[in-house]
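The values are calculated or read from the model by the stated rules, or taken from the named source; none is laboratory data. Quick caveat: nothing in here was measured; it's all calculated off a predicted structure. With ideal geometry, Cβ positions are generated from the backbone for all residues, glycine too; neighbour counts draw on all protein chains shown.
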Amino acid sequence: MVNKTSRTWLPEDEYAFAVAVRRRDAVTTVHVAGEIDSFTGGDLEAVIHEQLAHRPIRLIVDLSRVAVLGSTGLALLTRAKNVCRERGVELALAGSSRMDLVRQLKITGLERLLVTGSAGASQP
């Protein structure tokens, strides 16, 4: 079940931004593709806040199709972590096995939110 999509889910251009949301029980997964930067970060942040309004127990942000994670993306993930903590929602980041993304997440302390395997996100 896809609740919100920006553009098409599988953009032909690997840098094109797209978001798809899947809710199952009390777990919401936000699948992101393309670049998360100053042009797209606001859209992603709005989707995350919209999904938090549904009061999930767990919010997963799937980064497996993210081509570029800019400073805006790192900042919004940090803000999302803080908002989730305040609301008692578990935040997890999934799908990031690329070392460049993992390195960026380590710099900000967000790597602790990474999940792998069956705990990660399923495809939309």
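A few points about this structure:
- Filter pass, ILE48 being touching a residue at least 60 places away in the same chain (Cβ under 8 Å), touching a strand residue (DSSP E or B) at 6+ places or on another chain (Cβ under 9 Å), at negative phi and surrounded by 16 or more Cβ atoms within 10 Å (Cβ to Cβ): no
- Taking the criterion of being without any contact (Cβ under 8 Å) to a residue 60 or more places away in the chain, of a type in the set (Lys, Arg) and either in a helix (DSSP H, G or I) or surrounded by 12 or more Cβ atoms within 10 Å (Cβ to Cβ) (or both), the only residue of region 22-36 that qualifies is ARG23.
- Some residue of region 37-50 being among the aromatic types (Phe, Trp, Tyr), assigned to a loop (DSSP other than H, G, I, E, B) and modelled with pLDDT of 90 or more: yes
- Picking from residues in region 66-95 that are assigned to a helix (DSSP H, G or I) and among the aliphatic types (A, V, I, L, M), the one that is farthest from the chain's Cα centre (by Cα) is VAL83.
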